[in-house]
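The values are calculated or read from the model by the stated rules, or taken from the named source; none is laboratory data. Keep in mind that this is a model prediction, so the values were computed, not measured. All Cβ positions, even for glycine, are placed from backbone atoms using ideal geometry, and neighbour counts span all protein chains on display.
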């Protein structure tokens, strides 16, 4: 904190520039989430300020991002559907989930998870980011052409019978809860059913229509109908926005092209008095906390989303720390990952209390900040303050922005967020697995599984499945590699090490030398078990050389123990040479040393072991070389 004002001028320019860049994106992500533009602004304001203040990356600019918004969108839609399609009723439960995600992030930072985030495989991240791009692109097609399913009278009409069923079912559930759902009081059910109005049915039908058209699959379902009902004005506004965003970048990158498109297209549409659809009204004044998340808290409404909250926390952690690495490379500094997670968690928690959507470190905004001169935490805090000032001063003006303009901005975000580097690498990656007659790359398979499942099913589960597949394939490769290096082969094919050249030729029938290379873990135990079958019947002594076995897990330990017990039963003496620290510690924990292998049978060097062999092993069988 003492160095906070050492670069005031640079941080001021960096923060103001980053705040201006964040404005159109915050509005667009808020609309895309389903909570409205103000939620995007609140998220950008509070996350940017508090993540910078408490975080571990000096130049990071945080706020709503495409991945966080895509997952938030699923959470919001699910909870709204449970609350009869009313965002107002669902809001406390939604914000509790977001608050929980922020608190989980703080917890992840405190217990030191930050340093492990880098171990997430690239194909999983690549598939997820490309899926995010596809989700944004496809779900923004409908608002881009001005089609809103819940406002299509003919489409909504199809859902009225189902809406009536749902309303009646809710009445029956209410009566069951009140204890009056009995035959004698069935008149009460009829009475309540008669009180159902056409407006109630229409409201429920609109909710069902909106739900039917949500997500990638839903957008494809209604696309033919949407194309027949294009609002050409909305489409023209969105198209103009996209053209300006890409075109203006060719002129200069000093001024954010998304902001230019927002101002120009909105200004023209408003100035000409065009009959466009504006975004939801943005409230003016200072944001106030939504205390309903505490007063209306119900564990039953949140418990199904505990895992989703954890996913949001982990996703925000990955998103932020990847941006921190970019910032480190640009500024030649080193971020503090766990402190950054605590800062992001505090920012997301406070944003949730004020009704904002969750976010993370934003790469483009961070790069803009650094290039504009930002060097300390003050730049991120100034970006948040800048957005607060804009909201308080220009809320009535911002409320006139056409919805199609934000859809156009999101189309460009969707195109930009996809991992083209990973997609381009698909043809060149080695095909290392076989599925029937097909030869495929395991990396490509993981990426495609995550990509497809994220796009058409569930972002949360897709990442989990991708991580499981990646882990299994990694373990298989490591097991194969360890087995290959460990030379599980017949004695005559085993190549001796340099210090074994002088081994007495007359004792080669009586002594079997086994080399262990690489870790002995659960992925390689099946190959190691073949050791017992490789020992010739003439051998009375087995030397196991361990100087290249750095690690042993519990599976490897018990496999080794079983083999040693079998060898002892067969009357074979086992000698260890150069046992490294970790394997020795493991063997001492379960008394393999000294119960099965006495200290006298453990040697620091092969030369010492050779002396023992010469003194204790008798030449019983004539050597094949004699």
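Annotations
- Filter pass, residue 87 being surrounded by fewer than 24 Cβ atoms within 10 Å (Cβ to Cβ), more than 17 Å from residue 215 (Cβ to Cβ) and modelled with pLDDT of 90 or more: no
- Which listed residue is touching a helix residue (DSSP H, G or I) at 6+ places or on another chain (Cβ under 9 Å), in contact (Cβ under 8 Å) with a residue 24 or more places away in the chain and over 18 Å from residue 328 (Cβ atoms), from 374, 361, 408, 380: 408
- Any chance residue 393 is within 30 Å of residue 93 (Cβ to Cβ), assigned to a helix (DSSP H, G or I) and assigned by TED's automatic domain parsing to the domain that holds residue 106: no
- For segment 94-112, a tally of residues being out of contact with any helix residue (DSSP H, G or I) (no Cβ under 7 Å at 6 or more places or on another chain) and either closer than 26 Å to residue 452 by Cα or part of a helix (DSSP H, G or I) (or both) returns 1.
- All of 135, 120 fail the test of being surrounded by 24 or more Cβ atoms within 10 Å (Cβ to Cβ) and either outside the structural domain of residue 341 (by TED's automatic domain parsing) or within 19 Å of residue 473 (Cβ to Cβ) (or both), apart from 135.
- The residues of segment 507-533 that are crowded, with 16+ Cβ neighbours inside 10 Å, farther than 24 Å from residue 474 by Cβ and either within 39 Å of the chain's Cα centre (by Cα) or modelled with pLDDT under 80 (or both), listed by number, are 508, 531.
- Any hit, segment 227-235, residues being in contact (Cβ under 8 Å) with a residue 12 or more places away in the chain, surrounded by fewer than 16 Cβ atoms within 10 Å (Cβ to Cβ), within 33 Å of the chain's Cα centre (by Cα) and not in a loop (DSSP other than H, G, I, E, B): no
- Only listed residue being assigned to a strand (DSSP E or B), touching a strand residue (DSSP E or B) at 6+ places or on another chain (Cβ under 8 Å) and either farther than 15 Å from residue 520 by Cβ or not assigned by TED's automatic domain parsing to the domain that holds residue 514 (or both), chosen from 575, 567: 575
- Scan segment 308-337 for residues that are over 23 Å from residue 70 (Cβ atoms) and surrounded by fewer than 20 Cβ atoms within 10 Å (Cβ to Cβ) and the total you get is 8.
- Screening residue 554 with (1) more than 29 Å from residue 619 (Cβ to Cβ); (2) at pLDDT 85 or above gives one miss only, at (2).
- Residue within segment 236-247 that is surrounded by 13 or more Cβ atoms within 10 Å (Cβ to Cβ), assigned to a helix (DSSP H, G or I), touching a strand residue (DSSP E or B) at 6+ places or on another chain (Cβ under 6 Å) and in the same structural domain as residue 97 (by TED's automatic domain parsing) present: no
- Qualifying residue in segment 361-380 (condition: surrounded by 20 or more Cβ atoms within 10 Å (Cβ to Cβ) and touching a strand residue (DSSP E or B) at 6+ places or on another chain (Cβ under 6 Å)): yes
- Among the residues examined, residue 262 qualifies as in the same structural domain as residue 364 (by TED's automatic domain parsing), within 18 Å of residue 40 (Cβ to Cβ) and touching a residue at least 40 places away in the same chain (Cβ under 8 Å).
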